[in-house]
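In what follows, a structure is listed as structure tokens, so that the remarks can point back to it.
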Amino acid sequence: MRSTAYRLLAAASISLLLGALDIGTAPSALAQDAAMVAEGKEIAFNRRKGNCLACHLMDDGTLPGNIGPPLIAMQARYPDKAALRAQIYDARVKNPSTIMPPFGPHAIISESEIDKITEYVWTL
Amino acid sequence: MKRTAFLIAAAVVALEAPVATAASPEQDLQVFRQYFLDRYPNTPFDDFQNGVYAIDANRRAEWAAMEEFPPYEIGLEIGQAEFEKPFANGRTYASCFKNGGINIRQHYPYFDTLAGDIKTLEGEINECRVKNGEQALKFGSGTLAAISAYMASTSNGSRINIIVPNDPRALEWYNRGKKHYYAKRGQLNMSCADCHYHYAGRNVRADLLHPALGDLSHFPVYRKKWEARGSGPLAGFGTSHRRFNGCNKQVRAKGYGPQSDEYKALEYFLTYMSNGVPINAPGVRQ
């Protein structure tokens with residue numbers, strides 16, 4: 001948990017910093033973001049990792065399950081990215097009997113993989 | 001990673017609220033059955049013997065096509081021949097069972113008052129062998145599953161009739177199975193009930209989740225996936241315990257193995273929940 005809080009803080013301060021930096025550095029930061037989103041997608045779709053398609057319709061994933069809600073309009077529903085990460089990290093906080101796996105607490109995927117998935121899902 | 005350590009530590013995490021153990025088996029059965037009847041008003045009760053095919057027209061059509069040339073037919077004949085073949089001592093399986101072993105599947109598993117144990121059909125097939133000086137067969141698949149499938153097929157149309165006698169030991173078995181069914185387990189933290197009760201009828205990726213009512217009415221099954229992995233006409237057969245093991249492993253929980261006490265309890269609970277559903281074995285499944 002401490003490392004999660006740390007990462008969130010770190011992520012927040014990085015984006016603050018990025019906001020304050022001059023435009024010259026923006027393209028590479030954007031490229032980095034894009035790479036993170038692409039990686040996040042790969043992890044989310046991978047059956048041995050997120051396997052989110054087992055339950056959610058998302059993006060261009062084929063044969064999605066329909067156990068969970070479609071992951072669409074995510075920024076509208078989660079203006080706060082940290083709240084989205086928290087949902088992916090441990091869905092039991094909102095719904096104790098949820099069928100959605102506790103990805104963080106059960107170490108199904110790593111903290112940094114959850115960060116990447118969050119970045120990706122936030123673009124949907 | 002430390003998955004093994006995790007599996008050991010995770011075991012059973014929590015019981016879901018609706019199944020605090022207070023209810024009697026009769027009350028559980030009422031609620032369980034009604035839940036599915038309300039949910040599938042167009043599926044006649046007897047049709048729950050057909051798993052996913054009871055609730056999905058497209059899959060049902062594919063299945064009907066498979067049944068035109070049943071892939072289990074040769075295997076079932078082998079099962080029958082094995083069942084009828086005398087042991088070295090000249091006796092047959094018929095000598096070990098009520099009614100010569102014909103049309104008895106609907107009474108299994110049962111609580112054996114004398115032994116305080118749950119008796120499964122597969123367990124008694126092997127007991128019969130050993131009693132007659134033969135080696136026990138491997139549980140779960142192969143010849144044993146084929147013999148069991150043949151015996152079950154002689155019950156087709158007979159309604160499941162499991163009894164939980166008013167005996168604390170029987171109730172203990174029942175509650176153990178019930179607990180297994182509703183408890184979250186494995187790294188993925190899912191219960192049997194998550195997939196086959198709460199989300200029955202939904203899709204996990206491309207797989208449609210069958211409703212639990214009618215479970216085990218069509219076991220042993222003949223499964224195309226198992227057929228493809230093995231070789232010979234018996235490769236497709238598998239008992240309910242083989243399936244339990246697969247469903248446990250799917251959520252990265254430990255499998256208990258065929259004829260473990262845990263699966264005997266689970267079979268007892270789950271078959272009781274399907275009381276009244278007619279046997280239809282062996283079911284063909286993907």
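Dipole magnitude of chain B about its Cα centre, charges +1 at Lys/Arg Cβ and -1 at Asp/Glu Cβ only, in debye to the nearest 20?
Details: 34 positive and 29 negative charges, 211 e Å.
The dipole magnitude comes to about 1020 debye.
Between A:A73 and A:N46, the contour length at 0.36 nm per residue exceeds the Cα-Cα span by 7.5 nm. Our summary gives chain B a relative contact order of 28 percent, counting only alpha carbon pairs under 8 angstrom and 6 or more residues apart.
With +1 on the Cβ of every Lys and Arg and -1 on the Cβ of every Asp and Glu, and nothing else charged, how large is the dipole of the protein assembly as shown about its Cα centre, in debye rounded to the nearest 20?
Working: 46 positive and 41 negative charges, 148 e Å.
Using only the charged Cβ atoms, the result is roughly 720 debye.
Cysteine residues of the protein assembly as shown whose C-beta has no other cysteine C-beta under 4.7 angstrom: A:C52, A:C55, B:C192, B:C195, B:C247. Shown is the FRET efficiency for B:A115 and B:D46, computed with R0 = 25 Å from the Cβ-Cβ distance and rounded to the nearest 0.05: 0.15.
Can you sort B:W173, A:W122 so the residue with the fewest Cβ neighbours within 10 Å comes first? Present the calculation step by step, with values, prior to reporting the outcome.
Numbers: B:W173 23, A:W122 16.
Neighbour counts put them in this order, fewest first: A:W122, B:W173.
Counting only lysines at least 8 places from B:K254 when in the same chain, those with an alpha carbon closer than 27 Å to its own are A:K49, B:K2, B:K119, B:K138, B:K178, B:K179, B:K184, B:K224, B:K225, B:K264.
Hey, got the average number of other protein chain Cβ atoms within 10 angstrom for residues in A:64-77?
Numbers: counts 4, 9, 6, 9, 2, 0, 0, 0, 0, 0, 0, 0, 0, 0.
That average works out to 2.
With neighbour counts taken as other beta-carbon atoms within 10 Å, the residues B:V130, B:V251 rank, fewest first, as B:V130, B:V251.
Treat the count of other C-beta atoms within 10 Å as a stand-in for reagent exposure and order B:I118, B:I102 from fewest to most.
On the way: B:I118 25, B:I102 14.
Listing B:I118, B:I102 from fewest to most nearby Cβ atoms yields B:I102, B:I118.
Taking the Cα centre of segment B:136-188 as reference, the dipole from Cβ charges on Lys and Arg (+1) and Asp and Glu (-1) amounts to some 280 debye.
For the pair segment B:216-246 / segment A:46-63, the C-alpha centres are spaced 28 Å from each other.
Using only the alpha carbon atoms of the protein assembly as shown, find the Kirkwood hydrodynamic radius as the inverse mean reciprocal pair distance, in angstroms to one decimal. Could the numbers behind the result be given before it?
Numbers: mean 1/r = 0.0423 Å⁻¹.
Final number for the Kirkwood radius of the protein assembly as shown is 23.6 Å.
Read the figures in this text as sums done on the coordinates, not as results from a lab. Note that the structure is a prediction, hence the values are computed from the model and not measured. Glycine gets a Cβ as well: all are built from the backbone with ideal geometry, and neighbour counts include every protein chain shown.
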